[in-house]
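A.B. asks: Sharing a structure with you now.
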Amino acid sequence: MAKDWENYEIDPAMLEKAKKTVEITKSPEFNKQVEKYQKKTLEAIERYVPAAQAKEGDVAEDVAGALLNADERLYVLVSTSMPKGTIKRYLADINKIGDPNVIMVLRGVPGGVKNQNLAGFRNMIVEQWGISDLDFTNIQIDPLIFRAYSIEAVPAIIYADGLKLVDIEQSEGWSENAKVKDAYIVRGDASLDYAVESIYQKTGNSRVLEILQKMRRGFYGN
């Protein structure tokens with residue numbers, strides 16, 4: 001197969017069309033249209049799955065009781081294709097931490113963004129993941145966060161510091177809305193405990209250490 005490909009003669013006209021297509025996809029106008037579509041997709045999703053978004057003023061002012069500062073995030077990126085037990089463990093740790101800036105993020109909805117798919121997806125995560133109340137669970141569906149941090153495989157855990165938002169109602173992964181000073185990523189099938197410890201070792205951040213200690217206190221029942 002490789003030999004056949006190497007000897008294949010490329011049609012000059014098709015090659016020119018391919019080059020023009022690449023130029024279009026790299027243009028600012030094309031990317032604006034893509035992000036506009038993604039924004040509409042997220043708005044459609046949020047009618048069925050409440051996003052764990054910041055309230056007005058969160059980025060400028062810390063939330064009472066939060067361990068992380070308002071400009072920090074700990075994203076846990078997952079997929080519905082992952083084992084149910086793994087996702088439930090992540091959710092249990094996120095709920096144990098109890099910080100609105102620690103968020104589980106999915107890329108999208110199985111079957112695409114259609115009303116019936118969204119309704120079925122909501123029911124699925126309630127029933128299979130053991131979530132009793134979505135309004136109090138930090139889950140977002142945001143493909144732009146995956147794109148912003150170049151995440152192709154899950155799970156991946158991201159600590160972002162120095163987050164600045166133009167509009168707190170828009171995606172934290174949208175390049176025109178969000179800027180991050182530093183980000184640390186733990187890729188692969190790691191527990192949240194391990195990932196947070198690794199992030200603390202890299203950053204020395206006392207607030208990350210507090211998250212780790214809170215998880216471990218809950219684990220040992222102290």
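A.B. asks: Would you pick out the residues in region 170-206 that are part of a helix (DSSP H, G or I), surrounded by 15 or more Cβ atoms within 10 Å (Cβ to Cβ), of a type outside the set (Phe, Trp, Tyr) and out of contact with any strand residue (DSSP E or B) (no Cβ under 7 Å at 6 or more places or on another chain)?
C.D. replies: If we filter region 170-206 for residues that are part of a helix (DSSP H, G or I), which is where we start, we get 192-203, 206.
Checking the rest, the ones that are also surrounded by 15 or more Cβ atoms within 10 Å (Cβ to Cβ) come to 192-193, 195-200, 203.
Remaining after also requiring of a type outside the set (Phe, Trp, Tyr): 192-193, 195-199, 203.
Residues satisfying the conditions are Asp193, Val196, Glu197.
A.B. asks: Quick test of your reading of the structure: Gln140 fulfils all but one of (1) modelled with pLDDT of 95 or more; (2) under 11 Å from the mean Cα position of the chain (by Cα); (3) part of a strand (DSSP E or B). Name the failing condition by number.
C.D. replies: Gln140 satisfies every listed condition except (1).
A.B. asks: If only one of Val105, Val49, Val59, Val113 is under 26 Å from Val208 (Cα atoms) and at pLDDT below 90, which one is it? Steps first, answer last, please.
C.D. replies: On the way: Val105 fails: at pLDDT below 90; Val49 fails: under 26 Å from Val208 (Cα atoms); Val113 fails: under 26 Å from Val208 (Cα atoms).
Exactly one residue qualifies, and that residue is Val59.
A.B. asks: Would you check which residues across region 168-213 are within 24 Å of Leu91 (Cα to Cα) and touching a Leu at 6+ places or on another chain (Cβ under 6 Å) and list them?
C.D. replies: Scanning region 168-213 gives Ser171, Gly173, Val196, Glu197, Tyr200, Arg207, Glu210, Ile211.
A.B. asks: Could you list, ordered by first residue, the pairs with Cβ atoms under 6 Å in which the first is in region 155-169 and among the small types (Gly, Ala, Ser) and crowded, with 21+ Cβ neighbours inside 10 Å and the second is part of a loop (DSSP other than H, G, I, E, B) and modelled with pLDDT of 95 or more, at least 6 apart or interchain?
C.D. replies: Ala160/Val180
The values are calculated or read from the model by the stated rules, or taken from the named source; none is laboratory data. Note that the coordinates shown come from a computational prediction; the quantities given were computed from them, not determined experimentally. Ideal geometry is used to build each Cβ from the backbone, glycine not excepted, and the neighbour counts take in all protein chains shown.
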